[in-house]
1. Every residue in the stretch 59-110 that is in a loop (DSSP other than H, G, I, E, B) and among the β-branched types (Val, Ile, Thr), please.
2. State whether one or more residues within the stretch 299-307 are hydroxyl-bearing (Ser, Thr, Tyr), within 28 Å of Tyr252 (Cβ to Cβ) and either assigned to a helix (DSSP H, G or I) or at pLDDT 85 or above (or both).
3. Determine which single condition Gln247 fails, assuming it passes every other condition in (1) touching a Pro at 6+ places or on another chain (Cβ under 9 Å); (2) modelled with pLDDT under 85.
4. Would you check which residues across the stretch 141-154 are within 19 Å of Ile223 (Cβ to Cβ) and exposed (fewer than 13 other Cβ atoms within 10 Å of the Cβ) and list them?
5. Given the condition surrounded by fewer than 18 Cβ atoms within 10 Å (Cβ to Cβ), under 26 Å from Tyr275 (Cα atoms), polar (S, T, N, Q) and modelled with pLDDT under 85, answer yes or no: does some residue in the stretch 349-358 qualify?
6. Inside the stretch 90-140, can you point out the residues that are farther than 17 Å from Ile210 by Cα, touching a His at 6+ places or on another chain (Cβ under 9 Å) and among the β-branched types (Val, Ile, Thr)?
7. Determine whether Arg278 is at pLDDT 70 or above, of a type outside the set (Phe, Trp, Tyr) and in contact with a strand residue (DSSP E or B) (Cβ under 6 Å, 6 or more places away or on another chain).
8. Restricting attention to the stretch 178-207, and to residues there that are without any contact (Cβ under 8 Å) to a residue 40 or more places away in the chain and within 11 Å of the chain's Cα centre (by Cα), which single residue is surrounded by the fewest Cβ atoms within 10 Å (Cβ to Cβ)?
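The values are calculated or read from the model by the stated rules, or taken from the named source; none is laboratory data. Computed from a prediction, not measured in an experiment: that's the story for all the values here. Positions of Cβ are backbone-derived with ideal geometry, glycine not excepted, and every protein chain shown enters the neighbour counts.
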Amino acid sequence: MKNQRSEDEIIQNWQIDLARPTVSIICVTYNHENYIEDAIKGFLIQETDFPFEILIHDDASTDNTAKIIRQYEKQYPKLFRTIYQTKNQYSKGNKPGQILTKMAKGKYIAICEGDDYWTDPTKLQKQGDYLEAHPDVVISFFNTNLYYEDTKQFGKLFLKQEKCKNYTAEELITIPTWLPTSTRVYRNIDFGNIPERNKVLNGDDFLTSILGNYGGAHYQNNIEPTIYRVHSEGLWQGINLQEKLEQHLNTYFWIYKYYKRIGKNKVASFFFKQYENRLLKLMRLVECNSLNKLITYQSFNKLESTISNLQQDKMYLVYGYSAFGRYLKANLKTSFKGFIDLNYKELNLPDIFSLLDLNKLKYDYIIISLLGREEIITNLLLEHGVKKDKITYIDI
């Protein structure tokens, strides 16, 4: 990394008012005492003819992160605007990145989390110039290099070659790939109040999709990769596969709800399908082992065989909008009529009905998907007028 310059040396080539930055750098950090200095140095090596500001949100770190930030803030008072929280905001459900975005004065926003860093001093200039010249593009991105903190070794570039390309606005809406966070520079757009965004766990993907409503994405092949640290303390790397799938479920559900609310039904249907696909993966991974009955690989094969032998010329309702219920839906295909679930109002999703709808629906059988509760559900269905020979379940 280049030698550290003074504040005056950084701003000497800026051609417009310092109070009107072209780019706002957003950096969220928590307990990054071993990494935050690299991130800050990556900001300070940037060579631009336009002003930029550095916004840092320390989320009540318990180590020396805040102390390190203050040292740089003192050296570069014209560049830094910082928030030092006394109580952790992320744990309260608040989004530090959104807090900083509301503060940002820049026409464009660049992101780099406190444990990643930039290596190319021309990064901001090249991305800013491109966005200035191409109003139909909403975001610029490039590749990032994995660095394994535990072994102190570099890995492969994150994006495969086929993903290193431009994306149209329509493609960007569907989140065609992860755009590495530390490489992003995008237009500072006031999206207004989007309640679904506050409920999502993976803010990167939600933001990518929203940005697609304003333009396409450009892949910059003329910038050196950023460094993406892989370590156990990272928010994403520190969770297991099940937790990652659960985060994806949460993300796709709320993106679906957002597009459904604003009337973009085709996009909403796309994300609902993504939600279902992740749910099936999660079910395969964990649900069978978390049920009251331990399902072995052999019994799982039996399960699939039993489902495939169901009469395909019949129509089936599935009781229970569980992961297993969704698995049944996927395998029943055209024989699937819909779900019956007591929480149908809260779920507010397609093809979910209440018990009161049973007398209006045409079906041949109801399959109970809530394993271990067959007797209770059977009695409930009988009370609502369902004949006993119409009730079945999968014996695994």
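1. Kept after step one, since they are in a loop (DSSP other than H, G, I, E, B), are these residues of the stretch 59-110: 59-64, 76-79, 85-89, 93-95, 104-107.
Passing the criteria: Thr62, Thr86.
2. First, pick out the residues of the stretch 299-307 that are hydroxyl-bearing (Ser, Thr, Tyr): 299, 305-306.
Filter again for within 28 Å of Tyr252 (Cβ to Cβ), leaving none.
No, the stretch 299-307 contains no residue that is hydroxyl-bearing (Ser, Thr, Tyr), within 28 Å of Tyr252 (Cβ to Cβ) and either assigned to a helix (DSSP H, G or I) or at pLDDT 85 or above (or both).
3. (1)
4. Of the residues in the stretch 141-154, the ones within 19 Å of Ile223 (Cβ to Cβ) are 141-147, 154.
Matches in the stretch 141-154: Phe154 only.
5. no
6. Within the stretch 90-140, Ile99 is the sole residue that qualifies.
7. Numbers: at pLDDT 70 or above: yes; of a type outside the set (Phe, Trp, Tyr): yes; in contact with a strand residue (DSSP E or B) (Cβ under 6 Å, 6 or more places away or on another chain): no.
Judged against the criteria, Arg278 is not a match.
8. We begin by selecting, within the stretch 178-207, every residue without any contact (Cβ under 8 Å) to a residue 40 or more places away in the chain; these are 178, 190-193, 195, 204, 207.
Narrowing the set further to residues that are within 11 Å of the chain's Cα centre (by Cα) leaves 178, 204, 207.
Details: Trp178: 15, Asp204: 18, Leu207: 24.
Across the stretch 178-207, the extreme among qualifying residues is Trp178.
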